[in-house]
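Asks: Just passing along the structure, written as structure tokens.
The values are calculated or read from the model by the stated rules, or taken from the named source; none is laboratory data. All values derive from a computational prediction rather than experimental measurement. Here the Cβ positions follow ideal geometry from the backbone for every residue, glycine too, while neighbour counts run over all protein chains shown. Protein only, heavy atoms only, side chains kept; ligands, DNA and RNA dropped before computing areas. Shrake-Rupley method; radii C 1.70, N 1.55, O 1.52, S 1.80 Å.
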Amino acid sequence: MLELMREGQVYELLLVSKSNVTPVGVVRRGATLHFKLFPGKSFRDLLENNRIALQMTWDAELLVKTALNLDVELSFESHDQYRWIQGLPGWLGEARCRRDVWTDGLGTTEVLKCEFFPEKRLVGNARPIPFSRADCVLVEMAVLFTRYLVKPTLELKNRILDLYALYRHLGGNSEAAEYIVGHLD
């Protein structure tokens, strides 16, 4: 399953830690997956327990809602030091992380740079959903919105609103998109 992911391409997966679920951009390099994690609940979880699950979904709304800490209905399983979402494909394994400093247009912050070593494959039955251009736009809106929450700028707000117009044009109609637009100042 890992070999199906193209090296160097960013994939949006769900990171399941001991107390949180959050989407994370993951890049495959050989037999490992690499990601950055910014401060928050999962960041703190990984400092205490680096045993995690990385899982796949084709549900853009699930990715966005977990990114924004909105309510989602998920069933979990656990064993030893691991916790994962029931029914989604992915892997259990160890994330070896190091603290680093990240600087971008929003400022400077601490980040965990992690390399994930898959140890066990999680067999799941993720519902196959055809590729949707609207879903791609929704995920990008959420990425920009999380940045907007850190540092609200008119430029970010306008980019989000432009994406929202495109999202609606492409047939998108999710609660998560309405939440994003409704929380722009």
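Asks: With the Cα gyration tensor of segment 53-173 giving a ≥ b ≥ c as the square roots of its eigenvalues, does the rule (a/c under 1.5 for rounded; else a/b larger than b/c for prolate; else oblate) give rounded, prolate or oblate?
Replies: Taking the square roots of the gyration eigenvalues as a ≥ b ≥ c, segment 53-173 is oblate.
Asks: Turning to a different aspect of this structure: For all pairs of alpha-carbon atoms in segment 15-62, what percent lies in each bin of width 5 Å, listed from the first bin to the last filled one?
Replies: 5, 18, 31, 25, 16, 5
Asks: Find out how many positive minus negative residues lie around Ser174, taking Lys and Arg as positive, Asp and Glu as negative, among other residues whose Cβ is under 13 Å from that of Ser174. Before the final figure, lay out each step's value.
Replies: On the way: positive: Lys65, Arg168; negative: Asp59, Glu61, Asp135, Glu175, Glu178.
Once all neighbours under 13 Å are counted, the net charge is -3.
Asks: Taking Cα atoms, how many degrees apart are the long axis of helix 154-169 and the longest axis of the chain, rounded to 10 and kept between 0 and 90?
Replies: Helix 154-169 sits at roughly 90 degrees to that axis.
Asks: Moving to a separate point now. Subtract the Cα-Cα distance of Ser19 and Leu47 from 0.36 nm times their separation in residues, and report this length gain in nm to one decimal.
Replies: Fully extending the segment from Ser19 to Leu47 adds 8.8 nm.
Asks: Compute the Kirkwood hydrodynamic radius of segment 133-183, taking the inverse of the mean of 1/r over all pairs of distinct Cα atoms, and give it in Å to one decimal.
Replies: When all Cα pairs of segment 133-183 are included, the Kirkwood radius is 10.6 Å.
Asks: Could you sort Phe131, Phe76 by accessible area so the largest value comes first, with the probe set to 1.4 Å?
Replies: Phe131, Phe76
Asks: With the dipole of the chain worked out from charges on the C-beta (+1 for Lys and Arg, -1 for Asp and Glu) around the Cα centre, which of Asn20, Phe116, Thr153 lies farthest toward the positive end?
Replies: Phe116
Asks: Taking N as the number of residues in segment 2-122, what is its alpha-carbon radius of gyration divided by 2.2 N^0.38 Å?
Replies: The value comes to 1.01.
Asks: Further, regarding this structure: With every protein chain in place, what's the accessible area of Glu140 (1.4 Å probe, Å², nearest 10)?
Replies: Accessible area of Glu140: about 80 Å².
Asks: With +1 on each Lys and Arg Cβ and -1 on each Asp and Glu Cβ, how big is the dipole of the chain about its Cα centre, in debye rounded to the nearest 20?
Replies: 420 debye
Asks: Okay, next question. On a 0 to 90 degree scale, rounded to 10, what angle separates helix 133-150 from the longest Cα axis of the chain?
Replies: 90 degrees
Asks: Ok, one more. Could you state the number of Å between the C-alpha centres of segment 2-48 and segment 58-78?
Replies: 15 Å
Asks: Can you tell me the dipole magnitude for segment 133-183 around its Cα centre, using point charges on the Cβ only (Lys, Arg +1; Asp, Glu -1), in Debye to the nearest 20? Intermediate results must be reported in sequence, preceding the final value.
Replies: On the way: 6 positive and 6 negative charges, 33 e Å.
For this selection, approximately 160 debye.
Asks: Using 0.36 nm per residue of separation minus the Cα-Cα distance, give me the extension gain between Glu155 and Phe76 in nm, one decimal.
Replies: Gain on extension, Glu155 to Phe76, equals 24.6 nm.
Asks: Toward the positive end of the charge dipole of the chain, about the Cα centre and with charges on Cβ (Lys, Arg +1; Asp, Glu -1), which of Gly90, Thr103, Ala142 goes farthest?
Replies: Thr103
Asks: Tell me, for the chain, which Cys residues have no other cysteine's C-beta sitting closer than 4.7 Å.
Replies: Cysteines of the chain left without a disulfide-compatible partner: Cys136.
Asks: Rank these by accessible area, largest first, 1.4 Å probe: Trp91, Trp102, Trp58. Walk me through the intermediate numbers first.
Replies: On the way: Trp91 10, Trp102 75, Trp58 125 Å².
Reading off the accessible areas and sorting them downward yields Trp58, Trp102, Trp91.
Asks: Using the Karplus equation 6.51 cos²θ - 1.76 cosθ + 1.60 (θ = phi - 60°), what ³J(HN,Hα) coupling, rounded to whole Hz, does each residue of segment 72-81 give in order, writing x for Gly and Pro?
Replies: Once rounded to whole Hz, the list reads 9, 9, 9, 10, 10, 10, 8, 6, 6, 9.
Asks: Mind ranking Lys151, Lys113 by accessible surface for me, highest first, 1.4 Å probe? If you can, show how the numbers build up before the last one.
Replies: Details: Lys151 85, Lys113 65 Å².
Reading off the accessible areas and sorting them downward yields Lys151, Lys113.
Asks: Tell me, in nm to one decimal, what length is gained between Lys113 and Ala126 on full extension, where the rule is 0.36 nm per residue of separation less the Cα-Cα distance?
Replies: 1.9 nm
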